[in-house]
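Q: Just passing along the structure, written as structure tokens.
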Amino acid sequence: MQTVPALVAISLLLGALFTAPPAHAATWRWPLRGPIQRAFGYNPTAPFARGQHRGITIAATAGTPVSAACAGRVSFAGAVPGGRGAGVTVICGALTATYLRLDSVAVRRGDRVGVGHRLGQLGRRGLHLGARQTGRRWGYVDPVSLFEGDPGARPVPLGPAPRRRLGPPRIIPGPRPRAAPLPVPFRWPAPVAAPAAAATAQPAVPVVAWVGLVLLAAALPALGIGRARRRRRRDEAANRRRYAPADAA
């Protein structure tokens, strides 16, 4: 008879364990308040596909305290390579929470933290909060689904990313267009003036001189012929005297 209450107690305990809701549904709290800049987008069948986001990004002012969303043990705390600032990883039982883009860290590896425990301060780019199944490298889940049991406040609605206020558009003047060259009118070349006649003409050769030259040219052959005749006569006379017979003398 004493075993009946024991069996009943064990049955009730097992029923409570199997029917109890998941621990994260009642223990996860928002690490800070702010609009969600970027929502969760992940496909477990293609974990390396481009454009995926393995968590959510919560916007807030730089320096805002970041608290633990779940209770657990700190497995990492320090600088994160790749320009993501500092980060903290907390193992919360079946799930592991990751906090990235912190400006400073207030915990160390191995520390036990509870819900709301301060982990550090936010940087300038917004908090990246990720949640995955412990022991499963690519078992990421949407963190927003873990805050359904948060009694502190309603889930922060998804909002657009904050935009920077831009001034009037800056107009950069481009290069000034060069003016087209004006057409040069065609000009006919000026007529070349004929050289002016000499002021004083050279004196013409007198007619008398021309007549004298003609007579001289005509007399030259005659003079030559006369000289030849006289020379021939002298030669003939000399021959006659040389070869004349003696009695003729």
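The values are calculated or read from the model by the stated rules, or taken from the named source; none is laboratory data. Predicted, not measured: the structure shown is a model, and the values here were computed from it. Please note: Cβ atoms are built from the backbone with ideal geometry, for glycine as well, and neighbour counts cover all protein chains shown. Note: areas computed on protein heavy atoms with side chains; ligands, DNA, RNA excluded. Shrake-Rupley method; radii C 1.70, N 1.55, O 1.52, S 1.80 Å.
Q: Consider Arg108 against the criteria (1) under 21 Å from Trp30 (Cβ atoms); (2) modelled with pLDDT of 95 or more: it satisfies all of them except one. Which criterion is unmet?
A: (1) is the only condition that Arg108 fails.
Q: Looking for something open to solvent by less than 60 Å² (accessible area, probe 1.4 Å) and β-branched (Val, Ile, Thr) - is there at least one such residue anywhere in region 114-127?
A: Within region 114-127, not a single residue is open to solvent by less than 60 Å² (accessible area, probe 1.4 Å) and β-branched (Val, Ile, Thr).
Q: For Ala222, are the conditions met, namely being in a helix (DSSP H, G or I), of a type outside the set (Ser, Thr, Tyr) and at pLDDT 70 or above?
A: no
Q: What's the total number of residues in region 2-42 that are open to solvent by 70 Å² or more (accessible area, probe 1.4 Å) and either in contact with a Lys or Arg (Cβ under 6 Å, 6 or more places away or on another chain) or at pLDDT below 80 (or both)?
A: Total satisfying the criteria: 17.
Q: In this structure, is Arg124 under 20 Å from Pro35 (Cα atoms), outside any strand (DSSP E or B) and either modelled with pLDDT under 95 or within 40 Å of the chain's Cα centre (by Cα) (or both)?
A: yes
Q: Based on what the data block shows, is Arg136 open to solvent by 50 Å² or more (accessible area, probe 1.4 Å), modelled with pLDDT of 70 or more and under 17 Å from Val66 (Cα atoms)?
A: Here the answer is no, as Arg136 does not meet what is asked.
Q: Quick check on region 31-42. Is at least one of its residues under 19 Å from Arg137 (Cα atoms) and free of Cβ contacts under 8 Å to residues at least 12 places away in the same chain? Write out each step before concluding.
A: Taking region 31-42 as the starting set, the residues that turn out to be under 19 Å from Arg137 (Cα atoms) are 40-42.
Still in the running and free of Cβ contacts under 8 Å to residues at least 12 places away in the same chain: none.
For region 31-42, residues under 19 Å from Arg137 (Cα atoms) and free of Cβ contacts under 8 Å to residues at least 12 places away in the same chain: absent.
Q: For residues in region 140-155 being modelled with pLDDT of 90 or more and open to solvent by less than 10 Å² (accessible area, probe 1.4 Å), which is farthest from Gly78 (Cα to Cα)?
A: Looking at the filtered set, the residue picked out is Leu146.
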